[in-house]
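Reading through the structure tokens given below for one structure.
The values are calculated or read from the model by the stated rules, or taken from the named source; none is laboratory data. Values in this document were obtained by computation on a predicted structure and should not be read as measured data. When we count neighbours, we look across all protein chains shown, and the Cβ atoms used for this are built from the backbone with ideal geometry, even at glycine. Accessible surface is based on the protein model in full, side chains and every heavy atom, while ligands, DNA and RNA are left aside. Shrake-Rupley method; radii C 1.70, N 1.55, O 1.52, S 1.80 Å.
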Amino acid sequence: GEDVEQSLFLSVREGDSSVINCTYTDSSSTYLYWYKQEPGAGLQLLTYIFSNMDMKQDQRLTVLLNKKDKHLSLRIADTQTGDSAIYFCAERLASASKIIFGSGTRLSIRP
Amino acid sequence: NAGVMQNPRHLVRRRGQEARLRCSPMKGHSHVYWYRQLPEEGLKFMVYLQKENIIDESGMPKERFSAEFPKEGPSILRIQQVVRGDSAAYFCASSPPDQNTDTQYFGPGTRLTVL
């Protein structure tokens with residue numbers, strides 16, 4: 001079946017690293033995505049990884065993919081107050097054009 | 001190059017009325033997707049359209065909902081006889097004809113409130 005799961009909340013101290021985890025069930029995923037949604041706003045594509053990769057780094061963002069365990073993570077280095085948002089993990093299946101979203105992880109930053 | 005445009009941004013309807021949501025894809029994009037986000041939930045796929053064709057409508061409710069993407073003009077998501085449970089944020093996304101990038105770009109959404 002198609003299912004993407006994430007923990008609902010994460011709280012980190014400003015300046016620390018945030019790690020948001022995600023698991024998915026369908027092994028035919030072609031692309032896996034991380035989107036950011038700020039309150040009342042649309043979705044901003046942060047980064048994506050192709051399923052034959054195991055790591056991708058883009059400035060403060062690091063994506064790790066463990067295809068064997070169907071586990072995806074997003075690490076945000078030096079977390080800032082502007083990183084407060086909901087982060088959605090999503091997958092695109094080989095057999096379909098639609099994207100399957102997780103329920104989102106709400107990241108809050110402590111001073 | 002403007003991003004995906006949606007209007008209206010906010011829409012209030014009374015039960016039984018019709019809601020029309022519009023989406024203009026990014027320039028050069030010919031694929032449009034509609035998603036619905038219920039409060040405190042993730043996005044759920046509704047329908048995927050190319051110009052004048054519905055490709056995948058597996059996420060569309062069987063009744064009252066329809067979508068189109070005409071040759072000219074924006075894509076329209078139409079909800080007839082709205083009910084309170086239709087209150088949600090509706091997001092449109094678009095992607096270019098070359099699907100190798102497989103990236104969908106999202107609009108700001110239309111927040112529908114049914115009174």
Where is the GNM fluctuation largest for chain B (alpha-carbon springs, 10 angstrom cutoff): B:SER58, B:SER24, B:SER66?
B:SER58
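Of A:LYS67, B:LYS51, A:LYS36, which has the most accessible area with a 1.4 Å probe, and how do the rest follow in descending order?
Highest to lowest solvent-accessible surface, that is A:LYS67, B:LYS51, A:LYS36.
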Please report the relative contact order for chain A, taking Cα pairs under 8 Å with a sequence separation of at least 6, and give it as a percent rounded to a whole number.
38 percent
Pull up all non-local amide H partners of A:ASP26: gap of 5 or more, or a different chain, and H-to-H distance under 5 Å with H placed in the peptide plane.
A:ASP3
Modelled FRET efficiency - R0 35 Å, A:ASP3 with B:GLU72, Cβ distances, 0.05 increments:
0.35
Apply the Karplus parameterisation 6.51 cos²θ - 1.76 cosθ + 1.60, with θ equal to phi minus 60°, to every residue of region B:30-47 and state each ³J(HN,Hα) to the nearest whole Hz, in sequence, with x for glycine and proline.
10, 10, 10, 10, 10, 10, 10, 10, 6, x, 6, 10, x, 7, 10, 4, 10, 7
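At a probe of 1.4 Å, how much accessible area disappears from chains A and B on forming the pair, both sides counted, to the nearest 100 Å²? Provide the component values of the computation, followed by the final result.
Details: alone 6130 and 6640 Å², together 11140 Å².
Roughly 1600 Å².
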Filtered pair list for chain B (Lys only, Cα < 18 Å, 8 or more apart or interchain) has a length of 4
Using a Gaussian network model on chain A with a 10 Å cutoff between Cα atoms, which of A:LYS70, A:LYS98, A:LYS56 fluctuates the most?
A:LYS98
Got the relative contact order for chain B handy, in percent, Cα pairs under 8 Å and 6 or more residues apart?
37 percent
Label A:THR81 and B:HIS29 with points 7 Å out from Cα along Cα→Cβ: what is the distance between them in nm?
3.2 nm
